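All remarks here apply to the structure that follows.
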Amino acid sequence: MVETSSQRLPVREVASAPIPTPYGEFRARAFETPSGHVHLAMVIGEIDDGGSVLTRLHSECLTGDALGSLRCDCGVQLRTALRTVAAEGRGVVVYLGGHEGRGIGLVDKLRAYVEQDAGADTVDANLRLGFDVDLRTYDDAATVLRLLGIRSVRLLSNNPAKAEGLERNGVAVESMRGLRTAAHRRNRAYLETKQARLGHHRPAGSGLEELRTPPLDVGRLLGSQQPRADRPHVVVKYAQTIDGRIATRTGDAKWISGEPERRVAHAMRAGCDAVLVGARTMLQDDPQLTVRMVPGASPLRVVLDSMLRTPLTAKVLSDDAATLILCRADADPARRRELATAGIMVREVAGGPEGLRIEDVLRLLRSLGVASLLVEGGSRVITSMFQAGAADRVVVSVSPTIIGAGVEAVGALGVARVSEGIHLVNRSVYLAGDDLLLGFDVENGSAVPGR
């Protein structure tokens, strides 16, 4: 029988059962501790053969792991760890109970969030509440590993304190491997504080680490992401050929940009609350609008579909993320019920010249908590955003391809003189493979004539 380093009552295994997951079937082994907390070891393959084992110590985080909170990166790290261990076919993810909020518990973690909203970072928030910065210990985790027959690990973590805790308790750490995270506007400061004040290693990357000419900063591409009271911060993003087309005359747009640029687009989605397309783009391209190419949280998917033409087979309705369809009041009520039965949110918006009134669309999204919105097309939606004076940021990918006549990104804006055009400032320039990425802020007060 193995006992904890403090010689208290022993940690003991109390239950074991197979658990199938999207990443493979694990054996869940539950360990009860003297404190009453339960640690769950998710095991795959043979781990007690004496070799070093790929291991993740994951601190309990109800808000991030189960509820999908974007204030942290815990849920993304947990899913990445399970997928990584399953891919190797041998390893363990130890889910550590009692670690909520770096050990302060769920209620006080919510109180710490209030302090953060008042200006404190994640370190000072704990201190303001009278807690140490980090109350977690890893002696029980080391005991669990030893009970599993593990003496040496290759640790999946960005936190050196976990490695030190295992080493102090007799488990060798052969190596550390960081977990990648594509930052969101709501957790970017949190991630930076963990590195600057808690000594965490910089995550291994967001899937963009090979794009280094210059280093690509998706946060800078997205801009300030500061919402207004009546609408989100809006980033209009599209990929075009060097002769200014976003699709051929037949509507084909796959793929104007290369895979590195599309990976950047996925990271931009991961950085925003919602991504929006029009019904024509949805019907023509059948996009999924998730972040499959980077480790991050998929945003709310918004489709402007004034007459509810979205088929139930559309990829944008897959269960990879939530979907909101915006329609006019006179859209087919039977169709609306059918979509609602399938778990799809449907909301009414006033009609406008090009389908839906953009100002009302944005006001509704803001009321739903959307603070940052990525608009990906198509041409009518992009044009409507500019016509409404709603774009705060523009990101254009230019690809080295010429297709001649085709679909333009932006339609008629009523501009008669160059001086009346929408002016862009604060340039950001990056290379993504063979594609050139250009990011600009829309100059304050710059809008199309008549607005």
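Under the convention that each Lys and Arg Cβ holds +1 and each Asp and Glu Cβ holds -1, the size of the dipole of the chain around its Cα centre is about 440 debye.
Take the Cα of SER224, step 7 Å toward its Cβ, do the same at GLU192, and the gap between the two points is 1.5 nm.
Surface calculation, 1.4 Å probe, protein heavy atoms: VAL107 sits at approximately 90 Å² accessible. On the range 140-285, 45 percent of the accessible area sits on carbon and sulfur atoms, based on a 1.4 Å probe. The base-10 log of I(q)/I(0) for the chain, evaluated at q = 0.11 Å⁻¹, reads -0.93 [Debye formula, identical scatterers on Cα atoms, solvent excluded]. Counting only protein chain heavy atoms and rolling a 1.4 Å probe, the accessible areas of HIS266, HIS201 rank, largest first, as HIS201, HIS266.
Surface analysis of the chain yields an accessible area of 45 Å² per residue, using protein heavy atoms and a 1.4 Å probe. Cross-link partners of LYS237 among lysines, defined as those whose alpha carbon lies under 30 angstrom from its own and excluding same-chain residues fewer than eight positions apart: LYS254, LYS315. Computed per residue of the chain from DSSP H runs no shorter than four, each worth -39500 (n - 2.57), the mean residue ellipticity at 222 nm is -7500 deg cm²/dmol. Only protein heavy atoms count here; on that basis, with a 1.4 Å probe, LEU106 has an accessible area of about 70 Å². Counting only protein chain heavy atoms and rolling a 1.4 Å probe, the accessible areas of ARG263, ARG328, ARG56 rank, largest first, as ARG328, ARG263, ARG56. Using Cβ point charges alone (K and R +1, D and E -1), the dipole size of the range 113-244 about the Cα centre works out to roughly 280 debye.
Placing +1 on the Cβ of every Lys and Arg and -1 on the Cβ of every Asp and Glu, with nothing else charged, gives the range 303-451 a dipole about its Cα centre of roughly 340 debye. The range 401-421 and the range 230-245 have Cα centres separated by 13 Å. Among ILE403, ILE242, ILE47, the sequence by solvent-accessible area, most first, with a 1.4 Å probe is ILE242, ILE403, ILE47. Projecting the Cα atoms of ALA41, GLN387, SER367 onto the dipole axis of the chain, where Lys and Arg carry +1 and Asp and Glu carry -1 at the beta carbon, places GLN387 farthest toward the positive end. Applying 0.36 nm per residue to the separation of VAL114 and ARG83 and subtracting their alpha-carbon distance, the gain on full extension is 7.9 nm. Evaluated at q = 0.14 Å⁻¹, a Debye calculation over the C-alpha positions of the range 381-435 (equal weights, vacuum) places log10 I(q)/I(0) at -0.53. Applying the Kirkwood pairwise sum to the alpha-carbon positions of the range 288-389 produces a hydrodynamic radius of 14.3 angstrom. The solvent-accessible area of GLU443, taken with every protein chain present and a 1.4 Å probe, is close to 80 Å². The label-point distance for GLU259 and ALA334, in a model that sets each label 7 Å from Cα toward Cβ, rounds to 4.6 nm.
Kyte-Doolittle mean at least 1.0 and Cα extent at least 18 Å along the axis: which DSSP H helices of the chain qualify? Sorted by number, there is nothing, because no helix extends far enough and scores high enough.
Taking a ≥ b ≥ c as the square roots of the eigenvalues of the Cα gyration tensor, an a/c ratio of 1.5 or more together with a/b no larger than b/c marks the range 1-123 as oblate. Only Cα pairs under 8 Å and 6+ residues apart enter the sum, and on that basis the relative contact order of the chain stands at 13 percent.
The values are calculated or read from the model by the stated rules, or taken from the named source; none is laboratory data. This one's a predicted model, so the numbers in the text were calculated from it and none came from an experiment. Note: ideal-geometry Cβ built from the backbone for every residue, glycine included; neighbour counts use all protein chains shown. With ligands, DNA and RNA removed, areas are computed over all heavy atoms of the protein, side chains included. Shrake-Rupley method; radii C 1.70, N 1.55, O 1.52, S 1.80 Å.
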